[in-house]
1. So, in segment 207-247, exactly how many residues are within 11 Å of ligand 1 (Cβ to nearest atom), hydrophobic (A, V, I, L, M, F, W, C) and closer than 20 Å to ALA133 by Cβ?
2. The conditions are (1) in contact with a Gly (Cβ under 9 Å, 6 or more places away or on another chain); (2) surrounded by 19 or more Cβ atoms within 10 Å (Cβ to Cβ), and SER363 fails exactly one of them. Which is it?
3. Answer yes if at least one residue in segment 60-78 is assigned by TED's automatic domain parsing to the domain that holds MET167, within 16 Å of ligand 2 (Cβ to nearest atom), within 22 Å of GLU168 (Cβ to Cβ) and in a helix (DSSP H, G or I), and no otherwise.
4. Please enumerate the residues belonging to segment 285-307 that are within 18 Å of LEU324 (Cβ to Cβ), within 10 Å of ligand 1 (Cβ to nearest atom) and either among the polar types (S, T, N, Q) or crowded, with 18+ Cβ neighbours inside 10 Å (or both).
5. Going by the structure shown, is ALA42 hydrophobic (A, V, I, L, M, F, W, C), away from ligand 1 (no atom under 16 Å from the Cβ) and out of contact with any strand residue (DSSP E or B) (no Cβ under 6 Å at 6 or more places or on another chain)?
6. Working carefully through the options LEU296, LEU272, LEU286, find the one that is away from ligand 2 (no atom under 16 Å from the Cβ) and in the same structural domain as CYS251 (by TED's automatic domain parsing).
7. Of the residues TYR66, TYR48, which is without any contact (Cβ under 8 Å) to a residue 40 or more places away in the chain, of a type in the set (Phe, Trp, Tyr) and under 30 Å from ASP290 (Cα atoms)?
8. Quickly run through segment 1-37 and pick out the residues that are of a type in the set (Val, Ile, Thr) and modelled with pLDDT of 65 or more.
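The values are calculated or read from the model by the stated rules, or taken from the named source; none is laboratory data. Here the structure is a predicted model, which means the values were calculated and not measured. As a convention, Cβ positions derive from the backbone with ideal geometry for all residues, glycine included, and neighbour counts pool all protein chains shown.
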Amino acid sequence: MNQQTSKPATQGTKYMEITKESLETGLRGVPVGYCTTSSVDAQKGLFYVGQAVEELAERDPAEVIYLLFNKTWPTAAQSAEFAKQLVAAQQVPPAVLASFATLPRTGHPMKWLVHALNTLGMVDASGDYRKDALSLTAKIPVLVAAIFRVREGWGAPLAPRADLGYMENFVYMLGVPGLDADKTAKLTKLMRVFDVLHFDHGGGNLSTFVGKAVASGQADLYESLGAAMAALAGPLHGKANQECLEFVQECVVKVGDKLNADGVRDMIRQKLANKEVIFGFGHAVLRVEDPRARALRALGEKICPDDTNFKMVKLLTEVVPPILGTNPKISNPHPNVDSASGSLLMACGLTNPDYYTVLFGLSRVVGIAAQIIYERCEARLGKGTPIIRPAYFYSPTGTAKGEAEILSSG
Ligand code: NMX
Ligand code: MLT
């Protein structure tokens, strides 16, 4: 095994020396390549093209997409041209939307999203990653809005408009029944920030890594992103936002809206005693509070300060870390992005938590697509990175019975 220790490229992040101890650690701390869109520093958090995400939270989502694709902010003319390109590419072929009516409504919305990407890929994939990334970026709000409408029985999908901004159009196409003007404005504000905060998270988060791995075999962008979204669907990754909101609601039901901190502490201790996960807390890389959680709570103070779930989120932010912190095996007891997002979505009228992970996916496909473009079209002087093919040791029982007896590698 290579004993070489790589040089830290990001301050504050610890990289693992590649030894036997690196095995079965989820590749934690093992560097595998370059990410040109964003970086995650264990102490400082997330940066898009070198800029702290908290400072970008209120920027126009389409301009941040442009930044991730081009590594530079657009000029006013470039921004207008990019908006035009998105509008020109936003129509989803009717057959794709019609296929949604055939899907079982019992299927989780993330399964619908994987279906949507796969089906769109059948008619839209050109094999040109750049072209497909722009096309999918333009169409993903249409797909996700249609998933909500058809699966929830709100009515037929609404056609996108040419006169609205990227997230304004998404909220329009959702057409949430009974949402008044005030809530619509708040949901729009929230979705703009939510979208920006979820675009990208370095090169190694599970969905991004999976998407790039699938693309390394030269699968097209839609196949790669379908796989990436299946990875995002797991509760330890993207679905933590749904799980966390359901936990928040459970806390509200059990301890009432009086914000009984002792009652909440008891619930958390009981969950840990039952070996349950406390969703919305912990991180594989961050060792401080996720700046995206802070940005979402700051927004919550503006749009839903008196909401009971939001108040519970703030209480959990205070009471969970000291409890998780007493467990020496937990590397990070602090809130992550999924701790707060669900309470804001609920307060702004998206009341079914089953959909929260497709909103994460709506945003994350952008960062993954941008990273796939680098790996497939730009890396190694344009040749692209090779097919992903790590090594495993052959061992009849692995570590199922403790130490592994290694017979050969392959
Ligand atoms: N609740 C209960 N146990 C935890 C938690 C938590 N919030 N965080 C870590 N642990 C456990 C973890 O399961 C592991 O147990 P074991 O040794 O028995 O396998 C141990 O503590 C050490 O884990 P860490 O090294 O701290 O974390 P790791 O890098 O393995 O995992 C997460 C990172 C994010 C998967 C983990 O912190 C977690 O499960 N958090 C809750 C789920 C969540 O909120 N996920 C969303 C992450 C962000 N996202 O959007 O993707
Ligand atoms: C993400 O945004 O992808 C999550 O924080 C998970 C990660 O970075 O591992």
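1. Selection size over segment 207-247: 2.
2. (1)
3. Of the residues in segment 60-78, the ones assigned by TED's automatic domain parsing to the domain that holds MET167 are 60-78.
Add one more test, that the residue is within 16 Å of ligand 2 (Cβ to nearest atom), and what stays is 64, 68.
Now narrow it down to the ones that are within 22 Å of GLU168 (Cβ to Cβ): 64, 68.
With in a helix (DSSP H, G or I) added as a condition, the list becomes 64, 68.
Yes: one or more hits.
4. If the condition is that a residue be within 18 Å of LEU324 (Cβ to Cβ), within 10 Å of ligand 1 (Cβ to nearest atom) and either among the polar types (S, T, N, Q) or crowded, with 18+ Cβ neighbours inside 10 Å (or both), then VAL285, LEU286, ASP290, ALA293 are the ones that fit.
5. On the way: hydrophobic (A, V, I, L, M, F, W, C): yes; away from ligand 1 (no atom under 16 Å from the Cβ): no; out of contact with any strand residue (DSSP E or B) (no Cβ under 6 Å at 6 or more places or on another chain): yes.
No; evaluated as a whole, the condition is false for this residue.
6. Values: LEU296 fails: away from ligand 2 (no atom under 16 Å from the Cβ); LEU286 fails: away from ligand 2 (no atom under 16 Å from the Cβ).
Testing whether each residue is away from ligand 2 (no atom under 16 Å from the Cβ) and in the same structural domain as CYS251 (by TED's automatic domain parsing) leaves just LEU272.
7. Values: TYR48 fails: without any contact (Cβ under 8 Å) to a residue 40 or more places away in the chain.
Exactly one residue qualifies, and that residue is TYR66.
8. First, pick out the residues of segment 1-37 that are of a type in the set (Val, Ile, Thr): 5, 10, 13, 18-19, 25, 30, 32, 36-37.
Listed by number, the residues that qualify are THR13, ILE18, THR19, THR25, VAL30, VAL32, THR36, THR37.
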